[in-house]
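The values are calculated or read from the model by the stated rules, or taken from the named source; none is laboratory data. Everything quoted here is computed from the prediction, not taken from an experiment. Cβ placement follows ideal geometry from the backbone for every residue including glycine, while neighbour counts extend to all protein chains displayed.
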Amino acid sequence: MNEEQFLRLCGAQDLRQAILDIQKTYRDSMDFFKKRLQDLEERLVMIEKIKRVDGV
């Protein structure tokens, strides 16, 4: 392997790791927002039930 091939390989590995890091961050962010949305939906259901009971 010559120097140019070696540098390309190292650059590719760095890029591959950066892509993996971004994908993980994206998945973690999506998990957070999915959980937050689920919490809000549950609160909405509770509010709607209370309104029905109160006759509002």
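Could you count how many residues in the stretch 3-56 are assigned to a loop (DSSP other than H, G, I, E, B) and among the β-branched types (Val, Ile, Thr)? Show your work before the answer.
The first filter runs over the stretch 3-56 and keeps only residues assigned to a loop (DSSP other than H, G, I, E, B), leaving 55-56.
This time we only want the ones that are among the β-branched types (Val, Ile, Thr), so: 56.
So the answer is 1.
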Query raised in the report: Do you know which residues across the stretch 1-38 are modelled with pLDDT under 90, among the aliphatic types (A, V, I, L, M) and surrounded by 10 or more Cβ atoms within 10 Å (Cβ to Cβ)?
Result: LEU7, LEU9, ALA12, LEU15, ALA18, ILE19
